[in-house]
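Report on the structure given below.
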Amino acid sequence: MFITSSGGDWKTLVWRGLAPPKVEVFTWLVIRQRIPVRAELLNRSLSTINNILCPLCGLVPESVSHLLFNCSVAWVVWMHCAAFWGVNFVVPRDPGSFLFSWHEASVSGSADSIWHFIAFAIIWTIWLFRNDIIFADGRLDSAQLSFLVRTRIALWFKAKFPDSLCFVDDLIADLSVGDGLSASKRRFSKQQVWEAPPIGFLKLNVDGAMVSNGSKGGIGGIVRNNLGVCLDTFSLPIGPGPPIMAELEAIFHGLSVFSSNHRFKKFRLILETDCSVAFEWISNSTPCPTAFEPLVRRCRDIIASFSVVFRHVPREINLVTDSLAKEGIG
Ligand SMILES: [Zn+2]
């Protein structure tokens, strides 16, 4: 199946209920190159504007193809999303063929792959950014652009597949997490091994351990980058207490290590714990006993102020930190 400039299969490509109706309408107009970009307005003598350059790069006249696909600013966003699946891409000439090839490039091959949400989110988000720059004196913030694209993809995916087992935050951190989970068939299969974080993120795994009579314990943690390279570790003794205290201390210490390190400032953090109780207390989904509240609140504060992605993972993928924590007991 390939595309012709007369349309045909584009229709089924667009009207699939993956994005809000106004976004589907917009996508349809993009394919037909009917959105009011500057060069187009000038061609149709609908505008007297002097500046017809692309508001994102300021280098090339703003056409539909340029603004949403060929522009270096836009292209970075497309490749940023494709990178979650390790896909490389060439820019086809017109919007219709591009969107069709994008559709065909779905790695999982499944119709409900999160991949299919990407194109809607990118063109819509670029369009809103472009309008903000032109009409509201907005500034281009490429990091914000990519982040909003990922957020939209995650939210639309969850709206379409509310029963999928992944969290919005997990999806934002790694879009490919959505694949396989939407069908609830391969539950957590992707998460049984430790995975490196996406570019722009660091991943911190932490764990705590107590000796059986609770007289002493240890905490451990490891920070790794998108290549899986270890950037920092800790392995420390802690005082007596219940096992949950060790888990909370490990989380808090890990967050402190991240938030106080200068080199980590330009990254966002994904924090993983295998302790579901600590996870639920900190993420506020179950009430926390008063005794642990001060520590839980301190963790929450750092998570909020650094927009940390906090997730609960199975024990199997957290084994390295388990041994670091046990080492910490001494
Ligand atoms: Zn441009």
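The values are calculated or read from the model by the stated rules, or taken from the named source; none is laboratory data. Note that the structure is predicted; figures quoted are calculated from it, not measured. Ideal geometry is used to build each Cβ from the backbone, glycine not excepted, and the neighbour counts take in all protein chains shown.
Please specify each residue of the stretch 59-78 satisfying the condition of being more than 10 Å from the ligand (Cβ to nearest atom) and of a type in the set (G, A, S). Scanning the stretch 59-78 gives a single hit, S65.
So in the stretch 1-36, with the set limited to residues that are surrounded by 12 or more Cβ atoms within 10 Å (Cβ to Cβ), at pLDDT below 90 and among the aromatic types (F, W, Y), which one is nearest to the chain's Cα centre (by Cα)? This residue is W15.
For (1) surrounded by 15 or more Cβ atoms within 10 Å (Cβ to Cβ); (2) at pLDDT below 85, each residue gets a yes or a no:
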| residue | (1), (2) |
| --- | --- |
| V107 | no, yes |
| D112 | yes, yes |
| H116 | yes, no |
| N131 | no, no |
| D137 | no, no |
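A single entry from R298, R311 fulfils the requirement of being touching a residue at least 12 places away in the same chain (Cβ under 8 Å), within 28 Å of A143 (Cα to Cα), of a type outside the set (A, V, I, L, M, F, W, C) and in a helix (DSSP H, G or I): R298.
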